[in-house]
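Notes for the one structure printed next.
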Amino acid sequence: MVKSEHTNHRELIEWVNKMAAMCKPDDIVWIDGSDEQKKRLEEEAIKTGEIVRLDQKKLPGCVYHKTAENDTARTEHLTFICTAKKDDAGPNNNWMDPKEAYATASKYFSGSMRGRTMYVIPFSMGPVGSPFSKIGIELTDSIYVVLNMIIMTRVGTRVLDALGTDGEFTKCLHGKAQLDIDKRLILHFPEDNAIWSVNSGYGGNVLLGKKCLSLRIASYLAAQESWLAEHMLILGVEDPEGRIIYVAAAFPSACGKTNLAMLIPPKALKKKGYRVWTVGDDIAWMRIDSDGQLWAVNPETGMFGVAPGTNSKSNPNAMATVSKNTIFTNVLLKKDGTVWWEGHDDPPPAEGGINWQGLKWKPGMKNEKGEAILGAHANSRFTAPLAQCPSITNRIEHHHGVPISAILFGGRRAHVAPLVYEAFTWQHGVYMGATMASERTAAQFGLQGEVRRDPMAMLPFCGYNMADYFRHWLNMGNRMLRTPRIFHVNWFRTDDKGKFIWPGFGDNLRVLAWIAERCRGVREAVETPIGYMPHPGDIDMTGLNLSPAELKGLLEIDKEEWKREVKDIDKFFDTFGDAIPKRILAEHDALRRRLRKM
Ligand code: GTP
Ligand code: SPV
Ligand code: MN
C-alpha cells in the first residue's frame, strides 16, 4: 500500500514516486500554498543566486531572475504533440511518437535532479473546486517555477483537497536538467493527460499550467467535452449608461492582449462615462451555459506580461500591477536594486546595470555590427498577481465567469487588414479567425516580422489537428442559442514611412465602443466584401488628433492586396490536404466572389 502524508490519492503518490525514481532528487517538497513556505523558498533561491531581491522600499515583495541566454522565449520547434497517430496532431504541430518521446526525454531526466529538490505543485486552473476547473500537478526542480506558479495559478493543499482520492489531474513534469538547448523538449501527451518539459527555464516552456495545460491539453479536452480553450484576453466595456458587455480577443503573442485587457479610457471617453474591467490577459476557457450563451472564465490568477514598452503612458494599470509582489525576468538589473527596460518611464539609466545577457551594460552600447545592445530582452517579462490590477473585475472567482457578447480576432498587419470589420455570420467569423495572420514577434524564436497564418492566435497552442479545431468552432456555433458577434481588428497598419497610423493602446476603446454598439444592435454599418465596417463618423474621435484622411486610410480595403491574401490562404489551406471543413471553404469562395465584384 502506497502512503503519503500529503494525499490519499493513490495514482498521484505512485506517479510522484515513479518520477522521483527517474530524476533522483535529494529531497521532495510538497507546495502547500502558505506564505511561510513561499518566504522560505524565496530565501533559499536568493542564497543560491537563482533570484535577486530588489529594493524592498521601492519594489516591495519584488524579485529578479535571469534565464540562460538561449532560453528567453518559447521554442516552438522543440515543442511536440505526441499522439499515437500523426494525423491527430495535424500539420500545425510538430509530432513525435509517444514511445520515442518518453524514451528520449527519460534519458534527459534520468538522474537530472541529483543534488536538487523536487517540488510538487498541486495547482488549479480556474477557481478551486469549480466543476469547470482543471487540476494539474507540476513536478519541478526550479524554485523560480514554483514562485511563478504561486502567482499564476491557485496552488497548495486546498487543491489536493479538491482533487480527493481519485480526481483527474494533468501530470506535469519539468526539469531544468543542464538547460541544454540541444536536449530541450516540450512534450505533450494529450492521450495520457501528461506534459514533460526538459532543459528549459523560460516561462511558456516551464510554467506548465499556462500554454501547455490551459491551451494545448485543454484545447484537446475542450473538443471532446464541447467547450473552447482559447488564447484570448477577456475584458468588460462599461458604457456611459452603466451597461457592461464582455469581449474575448485572440491576438498572437506580443500583439497587445495584456495592453487591451488593462486599457485606460482616453480622457474624452472617460468623461463620457466609459470604463474597462479586466478579466484576463492571455487565456479564456469558454462554455455554453444553460442560457444557451457563451460564458468565459480566466483560468489564471496572474499575468506574465511583456515588459518592454510598458510605461505609465502606454499601460498605467500594468505599471500599478507590477509595483509590488512581482517577479521580473530578463529585464535590466540596476545597481540601486530596481529594474529598467526599453520603453520604461525612466530614461535609460546613465549608471547602467546588468543586462539580460549578464553583461555590464551602459546606455548606447553597440555590438560589432553597430547595432544597439538591449538592456532588457525584447521578450523580458513580469509575473504579477492580477488581483493587484486597478481595473480587475469582481467576477474573477465566479465559476461561470462572464457572458461574452463579442469575439475579436487580430494580429499585426502593416497592410491588408483595416482597423475593424465584422463578420456577417458565426460561420464567416470562424473563417475570419481561421485565416488570420500576423507578423512574427520576439515571443517566438525565428525570423522577426515575417507574416504567418496564425488561426485564432492558436497556431503554436492547438493541441490537435487544426482542421478539426475549425470544425469544432463551427459546431459550437450551432449549439448556442445566441452566438457572440465576431470582429477582426488591426491596430498595426503603417503609413509609407512605416509608422503606425492608429495611436492604439487606450484609444482602442474607440473601436470597442463601436463594437459594443453593434452588439446592442443600435449601430448601422457599411456592407463591404470582407464584412461590415463602421461609417467613419461612427468611430468616436473626440479629443483624438487624427485627420479624416488618416481614418479613411485605416478603413480602406485594397482589392489587389486582398486578392493576394486569398491566394496565400489557398496555400495555407493546402497544408491540411482535404481536411478543411467544407463550410470554411464555402466562406473562402464567397469572399473570392465578393472581391471579384468589388
Ligand atoms: P503575450 O503575453 O505574448 O501573449 O503578448 P500580449 O498579446 O499580451 O501582448 P502585449 O499586450 O504585452 O503587447 C506586446 C507589445 O505590443 C508591446 O510592446 C506593446 O507596446 C505593443 N502594443 C500593445 N498594444 C498596442 C497598440 O494598440 N498599438 C501598438 N502600436 N502597439 C501595441
Ligand atoms: C505568449 O508567448 O503567448 C505568452 C508568454 O503569453 S509564454 O507564457 O511564454 O507563452
Ligand atoms: Mn500569450
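The values are calculated or read from the model by the stated rules, or taken from the named source; none is laboratory data. Since the model is a prediction, treat every value here as computed from it, not as a measurement. Cβ sites come from the backbone with ideal geometry, for glycine too, and all protein chains shown count toward neighbours. Ligands, DNA and RNA are stripped out before the accessible areas are found, and what is left, the full protein with its side chains, is counted by its heavy atoms. Shrake-Rupley method; radii C 1.70, N 1.55, O 1.52, S 1.80 Å.
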- request: Within region 278-331, track down each residue that is assigned by TED's automatic domain parsing to the domain that holds residue 266, among the hydroxyl-bearing types (Ser, Thr, Tyr) and within 13 Å of ligand 1 (Cβ to nearest atom).
  value: 278
field: Hits in region 297-341 (condition: more than 16 Å from ligand 3 (Cβ to nearest atom), open to solvent by 20 Å² or more (accessible area, probe 1.4 Å) and either within 24 Å of residue 359 (Cβ to Cβ) or in contact with a Leu (Cβ under 8 Å, 6 or more places away or on another chain) (or both))
entry: 311, 323, 324, 333, 334, 335, 336
- prompt: Which of (1) open to solvent by 10 Å² or more (accessible area, probe 1.4 Å); (2) under 25 Å from residue 510 (Cβ atoms); (3) away from ligand 2 (no atom under 16 Å from the Cβ) does residue 288 not meet, given it meets every other one?
  reply: (2)
message: What's the total number of residues in region 425-443 that are modelled with pLDDT under 90 and open to solvent by 10 Å² or more (accessible area, probe 1.4 Å)?
response: 4
query: Which residue pairs have Cβ atoms closer than 6 Å, lie 6 or more positions apart in sequence or on different chains, and pair a first residue in region 223-242 that is away from ligand 1 (no atom under 12 Å from the Cβ) with a second residue that is polar (S, T, N, Q) and assigned to a helix (DSSP H, G or I)?
result: 229/219
field: Among the candidates 57, 24, residue that is among the basic types (Lys, Arg) and either in contact with a Pro (Cβ under 6 Å, 6 or more places away or on another chain) or outside the structural domain of residue 194 (by TED's automatic domain parsing) (or both)
entry: 57
query: Looking at (1) away from ligand 2 (no atom under 15 Å from the Cβ); (2) open to solvent by 10 Å² or more (accessible area, probe 1.4 Å), which is the only condition residue 151 fails?
result: (1)
- request: Could you tell me whether region 262-274 includes any residue that is open to solvent by less than 10 Å² (accessible area, probe 1.4 Å), touching a Lys or Arg at 6+ places or on another chain (Cβ under 6 Å) and not assigned by TED's automatic domain parsing to the domain that holds residue 215?
  value: no
- prompt: Can we say residue 267 is touching a Pro at 6+ places or on another chain (Cβ under 7 Å), touching a residue at least 24 places away in the same chain (Cβ under 8 Å), away from ligand 1 (no atom under 15 Å from the Cβ) and not aromatic (Phe, Trp, Tyr)?
  reply: no
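For region 405-424, name all the residues that are of a type in the set (Val, Ile, Thr) and either modelled with pLDDT under 95 or surrounded by fewer than 24 Cβ atoms within 10 Å (Cβ to Cβ) (or both).
Across region 405-424, the qualifying residue is only 416.
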task: Spot the failing condition for residue 294; the list is (1) open to solvent by 10 Å² or more (accessible area, probe 1.4 Å); (2) more than 16 Å from ligand 3 (Cβ to nearest atom); (3) out of contact with any Gly (no Cβ under 9 Å at 6 or more places or on another chain), and only one is missed.
output: (1)
- line: Within region 95-122, the residues that are touching a helix residue (DSSP H, G or I) at 6+ places or on another chain (Cβ under 8 Å) and either open to solvent by 60 Å² or more (accessible area, probe 1.4 Å) or at pLDDT below 95 (or both) are 95, 110
- line: Reported set for region 333-372 where residues are within 23 Å of residue 203 (Cα to Cα) and hydrophobic (A, V, I, L, M, F, W, C) is 333, 339, 340, 341, 354, 356, 359
- prompt: Would you pick out the residues in region 128-140 that are touching a strand residue (DSSP E or B) at 6+ places or on another chain (Cβ under 9 Å) and open to solvent by 10 Å² or more (accessible area, probe 1.4 Å)?
  reply: 128, 130, 132, 133, 134, 135
- request: Residues being assigned to a strand (DSSP E or B), within 16 Å of ligand 1 (Cβ to nearest atom) and polar (S, T, N, Q): count how many of those fall in region 374-420.
  value: 1
